[in-house]
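Notes for the one structure printed next.
The values are calculated or read from the model by the stated rules, or taken from the named source; none is laboratory data. Just so you know, these numbers come straight off a predicted model, no measurement behind them. Reconstructed Cβ throughout: ideal geometry from the backbone, glycine too, with neighbour counts over all protein chains shown.
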Amino acid sequence: MRVIAAMSGGVDSAVAAARAVEAGHDVTGIHLALARNPASYRSGARGCCTIEDANDARRAADVIGIPFYVWDLSERFHEDVVEDFMDEYAAGRTPNPCLRCNERIKFAAVLDRALGLGFDAVATGHYAVLRTGAEGVELHRSVDAAKDQSYVLGVLTQDQLRHSLFPLGDTPKPLVRAEAARRGLLVADKPDSHDICFVADGDNAGWLREKLGNRLPNTGGAIVDESGAVVGEHEGTVGFTIGQRRGLRLGVPAADGRPRFVLDIEPVSGTVTVGPREHLAVTGISGIKPRWCGAAPTALEGTVQLRAHGGEHRCRVTVGETVEIELLDPAYGIAPGQAAVIYDGTRVVGSATIASTRRAAA
Amino acid sequence: MSRPEQRTVYLDHAATTPMVPAAVAAMTAQLGEVGNASSLHASGRRARRVVEESRETIASVLGCRPGEVVFTSGGTEADNLALKGVYWSRRAADPGRVRVLSTGVEHHAVLDPLHWLATTEGAGVELLPVDRDGRLVVDALRAALERDPSSVALISVMWANNEVGTLQPIAEVVELAGEYGVPVHTDAVQAVGAVPVDFAAAGVDALTLTGHKVGGPYGVGALLVRRELGVTALLHGGGQERDIRSGTIDVPAIAGFAAAVELAVKEQATYAARVGALRDRLIRGVLAAVPDAELTGSPDQRLPGNAHFSFPGCEGDSLLMLLDARGIECSTGSACSAGVPQPSHVLLAMGRSEAEARGSLRFSLGHTSTEADVDALIEAIGPCVERARAARA
């Protein structure tokens, strides 16, 4: 096959590209330029968008011996990922921009362009496994549970999966690093990237305050307990996440002296509700905008993962107008806007965006 | 998987062109020799002689005096030396001279030093408009000069544009500048060997040229600069090159550079006729294969080796990649050293939209170009454009 290898400049995508070559594919490396102004994105080895990263990717392509180009997708990225991220926060939700990037950029804009240019597939360094099953290509968790990235791929459709390659899914990360060193890829020792690539200093709340400006849903309000009594003040709900405990600076101590957590954020009134941890327990989720990896299910029992590095929760799923997920193991700190990725064993069934949650009766 | 062996069709001579055998011979003859050209002993004198003969060669073919040739590490350094060195010198003589007049289509080796002068030295940099072909609007220069001639430190206008190949009206610039006694610098790295360039006859005060664009080595170039024009040094040290450019003289590179310049200038007319005909064949062929492609730049005031097109509905990046996969090498002309391709400032200055700028490619011919190269492009361009259009994200 003719394969586009998306190379971030990191170790994973470099080894993935090398493996695609070894598997006999005709591979061309590309690096995505996602920032109009590279300096405004994460610097050093942490992000995926700096000049240094582009150079690292180029050197890796040299070593592997494949052609290499930089594709400028900064406009699409800004419109589809950065602005969406801001819009979601402005509406009081908590989106995951990495899923959005996979859905709209890596496996959409890049894939479309690759197919248009005569390529057959896009290879990335994600830790996930593709298998051919009865109903087509199945997406599974990687063998390295600690590195598994099937969650952020849970937005891919069958058509996207059929044109994807994840050459690292069968290998634990330490072996990938060792393999990079053996292949002479200098990126072998580069630290993993974390956090959001377009927030340069990792301060999401500060970034949102600056970028949203007068689009902020509010610039302050009351922190109340479940009885409605005011227990503190804040300078804008944009700094808060459901389940957050630290940094609340509550003026009034809890009657029982136990720690309190953010239970609810009401962006329009700017009200933040706090309470004990057990009241965070979510037992049901309503999801919207489902994306199925294969045929849409009507009902299933399986598991659901609710954040990128979160655990699995056993669940019952019913698909109708919305995706109703009944959690058999409660989940804590779940916010609208996050993605719920549904699994059947190791297989990703699909995903939905969390619209609302139901709490255990208090 | 290795791609099948295919012939490389090199259509990027404006980026760099292969060294000519005479330059390789002249350079390699010096590589095994010893002698610092500043040393007083026999080896030093031998090295010095090579340098001075090279200087005389360049001076004689380019119409300047040997003492007006200042060797540098290349075009970028020569441009920096001309702009900063002349600006500082002229301002030192009269603190009111703080304006620099240039154009919006200059190479980054001119634009970036100007930007630096503006932001750190308080220079008033005015980038004058160009017409749709990329030629300086001379009336704008006249107006800028007339507004306050005594405040102008320097005018810098390139001889020929590196992206679209447009020749600038240097004679008119020199004439206007002469009326007000303002010195003129010109970046002629693309012009030497391609069109007639004579320093004295042109009447410019400083001229940039570089080795690797004329069949010489990388890493060497020169600023031709009139003795009467003060130039403040950028590099301080041993006082070489009239104390304008310190640093141990690179004898082998200079020998190769001089051989290349001599050959290029002597063969300029033959080269222009041969390569110009190839260029016309290329333009006809591409326009026939892609009827809605548009030739960018001037139809007649143009470098003989330059063909630049905008392909509507295409990403230049995609097209470049598809051609590269067929062994055909060209350029988008955009500054992508920063990793992120930016639409060409030259095309934007010429009034093109960002979309047009992104859909553009430059094909540049040189001394090794053949009809077969041109025909390979003509054969490939139609299908590649079709493909690139289909792939537009």
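Only one entry of B:14, B:47, B:22 meets the criterion of being farther than 27 Å from residue B:190 by Cα and either not assigned by TED's automatic domain parsing to the domain that holds residue B:212 or not in a loop (DSSP other than H, G, I, E, B) (or both), and that entry is B:47.
Against the list (1) within 9 Å of another protein chain (Cβ to nearest Cβ); (2) under 23 Å from the mean Cα position of the chain (by Cα), the condition residue A:115 fails is (2).
Against the definition (among the hydrophobic types (A, V, I, L, M, F, W, C) and crowded, with 16+ Cβ neighbours inside 10 Å), how does residue B:23 come out, yes or no? Criteria met by residue B:23. Residue A:106 falls short on exactly one of the conditions (1) basic (Lys, Arg); (2) modelled with pLDDT under 95; (3) touching an Asp or Glu at 6+ places or on another chain (Cβ under 9 Å), and that condition is (3).
Residue by residue, here is whether (1) surrounded by 21 or more Cβ atoms within 10 Å (Cβ to Cβ); (2) within 18 Å of residue B:152 (Cα to Cα) holds:
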| position | (1), (2) |
| --- | --- |
| B:63 | no, no |
| B:73 | no, no |
| B:78 | yes, no |
| B:90 | yes, yes |
| B:114 | yes, yes |
| B:127 | no, yes |
| B:132 | no, no |
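Residues in region A:142-175 that are within 16 Å of residue A:23 (Cα to Cα) and in contact with a helix residue (DSSP H, G or I) (Cβ under 9 Å, 6 or more places away or on another chain) were compared, and the one that is surrounded by the most Cβ atoms within 10 Å (Cβ to Cβ) is A:168. If I ask for residues that are crowded, with 20+ Cβ neighbours inside 10 Å and either in a loop (DSSP other than H, G, I, E, B) or outside the structural domain of residue B:314 (by TED's automatic domain parsing) (or both), which ones from region B:369-384 would you list? Of everything in region B:369-384, just one residue is crowded, with 20+ Cβ neighbours inside 10 Å and either in a loop (DSSP other than H, G, I, E, B) or outside the structural domain of residue B:314 (by TED's automatic domain parsing) (or both), namely B:369.
Counting only residues that are part of a loop (DSSP other than H, G, I, E, B) and over 23 Å from the mean Cα position of the chain (by Cα), how many does region A:226-245 have? So that I can check it myself, show each step before the final result.
Taking region A:226-245 and keeping what is part of a loop (DSSP other than H, G, I, E, B), we get A:226-229, A:235-236, A:240-245.
In the following step, the residues that additionally are over 23 Å from the mean Cα position of the chain (by Cα) were identified as A:226-229, A:235-236.
Within region A:226-245, residues that are part of a loop (DSSP other than H, G, I, E, B) and over 23 Å from the mean Cα position of the chain (by Cα) number 6.
For region B:363-383, the set of residues classified as under 27 Å from the mean Cα position of the chain (by Cα) and small (Gly, Ala, Ser) consists of B:364, B:366, B:369, B:372, B:376, listed by residue number. For region A:99-106, state whether one or more residues are among the β-branched types (Val, Ile, Thr), in contact with a Gly (Cβ under 6 Å, 6 or more places away or on another chain) and closer than 20 Å to residue A:353 by Cα. No, the conditions are met nowhere in region A:99-106. Scanning region B:305-318 for residues being under 16 Å from residue B:330 (Cα atoms), in a loop (DSSP other than H, G, I, E, B) and either within 14 Å of chain A (Cβ to nearest Cβ) or within 23 Å of the chain's Cα centre (by Cα) (or both) gives a total of 3. For region A:79-110, the set of residues classified as of a type in the set (Lys, Arg) and assigned to a helix (DSSP H, G or I) consists of A:100, A:104, A:106, listed by residue number.
One residue alone among A:67, A:95 is within 30 Å of residue A:219 (Cβ to Cβ) and either out of contact with any Cys (no Cβ under 7 Å at 6 or more places or on another chain) or modelled with pLDDT under 90 (or both), and that residue is A:95. Scanning region B:350-362 for residues that are among the aliphatic types (A, V, I, L, M) and within 25 Å of the chain's Cα centre (by Cα) yields B:350, B:357, B:361.
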